[in-house]
Amino acid sequence: MVSESWKEIDDIFHPRGVAIFGVSRKGGLGTLLLQGYIDMEFPNIYPINPKAAESGNKILGLDVFPDLKSIPGPVDLVVMSVHPKLVKELLIQCGEKSVRAVILFTAGFGEFDESGKERERELVEIARKYNMRLIGPNCMGIYCPATRVSFFPALPKESGPVGFISQSGSIANLLCFASILRGIRYSKMISFGNAADLNFNDFFEYLGDDPETRVIACYLEGIKDGQHFIKLAERISKKKPIIIWKVGETSSGARAAASHTGSLVGNYSLWTKIFDKNGIVVVKNHQELIETIGAFTNPCYPQGNSVAIISGPGGPAVSSADACEMNGLKLAKISPETVQELSKIIPEFGTSSKNPIDLGLQISFDSNLERKAIEAVARDPKVDMLLIYLGVIKKEHVKNLLRIQKEVQKPIAIVTAIDILTSSKGMGPVRNLFTPVPTRKASRFLAEMNANGISLHMTEQNAAKTLWHLYHYGIKKG
């Protein structure tokens, strides 16, 4: 049975009508937000601009209304992109229209100064009076493909298993667009900004119980109620992976976070202990975040922490070994039977059958050599997971890896020197040797990889970290 607070937030993601303040025929941020709803084909969108309504002009092809009360249908969600001085009066109008929730895109409140925080408290009092909830100020708002709710133009309409909570609107935006070509889709995204009313814990608890969300990822600057977060983390982490990019590790970062959203950042080492105790996956940057999300989309948890490294070039094999050991993994002791099988597959010179396994440059000319070697190592009972270095990923790589992973049910982390989306045009005589997956197909291939326990990484360090996270979380989850 869902709680009243859960249902209250869930209703925000299912509005019957959305009104947007701050739209203009000249463009601007409010019009940008309006375009997001148009692109998602949300059925009942109401732009509000008194001057445009008076002159009978349309904005982006939609009829414009002078105010909320002139809108004939129900409006459950309002987006405000107006000057801070106008917010209080408009919020009262929302209450009189029985609006359920208001997204305050407008900045210039608690992140600015103490008087801004006081103005935030006034807004919350008004919202309480009318039984409304506020998201923000200083935020992008919410994105929910299933209900066509959006916070930016050109976002995907397809839903996925990942829920994302972010104090930063730009981080949420960038992550969503970067995810498109990586085949990652989201159930819900929330940018909550200053959290004058609804805060991180509210959305964290909501996604923890949301049946459409299997993985929770977060960008976190600070938090208002650490004790409540700890209790939530203990409960939620037992049933769903939690991935957190926590900033404010340094004094400079902490000051920047405080000025960005007015957050209380807290002691970073204390945060680290809390995360580790609950098996929460910690990442350090945007690239790590998206790669780790991909790995946990439908994770395959290893039985142990022994990893086999397979590479064509010798240098990356050595650096991968370093990365694995630095991240708490140990190199698997390849069984004599596998070593003997490899000796029949790979060339005698310029290679190595010991872990890390160096396949030599011959694999550039013979893809079967690489496939047979990976199959042999993957079947070895002493190998819990694989880290494979590939120059580029070809279509046959994807098919072979999917087949192998389904057979052995072990996590596979792929490191690629050249992005999977890189065009092969202009590569001259080596084009046939290094032809990556075409861009139009890459998203589908990557989605299939993510869904089958195969993750893609730009560095061996990120690959090793992700494999360790899978092992560590698997242990904590039991």
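Report summary: the helix-based calculation at 222 nm, which adds -39500 (n - 2.57) for every DSSP H run with n ≥ 4 and divides by the residues of the chain, gives -13000 deg cm²/dmol. Average projection, convex hull of the Cα set of the chain: 24.6 square nanometres.
Remark: region 216-222, residue by residue, has Karplus-estimated 3J(HN,Hα) of 10, 10, 9, 10, 10, 9, x Hz, where x stands for each Gly or Pro and the curve is 6.51 cos²θ - 1.76 cosθ + 1.60 at θ = phi - 60°. Find out how many positive minus negative residues lie around residue 16, taking Lys and Arg as positive, Asp and Glu as negative, among other residues whose Cβ is under 11 Å from that of residue 16. Every neighbour counted, the sum reads -1.
Let's see if you can work this out: charge +1 on each Lys and Arg Cβ, -1 on each Asp and Glu Cβ, no other charges. What is the dipole magnitude of region 4-135 about its Cα centre, in debye to the nearest 20?
The calculated dipole for region 4-135 is roughly 340 debye.
Counting Lys and Arg as +1 and Asp and Glu as -1 over every other residue whose Cβ lies under 11 Å from the Cβ of residue 327, the net charge comes to -1.
Note on residue 67 and residue 335: their simple-model spin labels are 7.9 nm apart, each label 7 Å out from Cα toward Cβ. Ordering 394, 399 from the fewest to the most neighbouring beta carbons within 10 Å gives 399, 394. Going from the residue with the fewest nearby Cβ atoms within 10 Å to the one with the most, 37, 219 rank 219, 37.
The local environment of residue 378, defined by Cβ-Cβ distances under 9 Å, has a net charge of -1 under the rule Lys, Arg +1 and Asp, Glu -1.
Counting neighbouring Cβ atoms within 10 Å and putting the fewest first, the residues 289, 33 line up as 289, 33.
Quick note: the coordinates plus some simple rules give every number you see, no bench work behind them. Worth saying up front: this structure is predicted, and the values here are computed from it rather than measured. We place every Cβ from the backbone using ideal geometry, glycine too, and count neighbours over all the protein chains shown.
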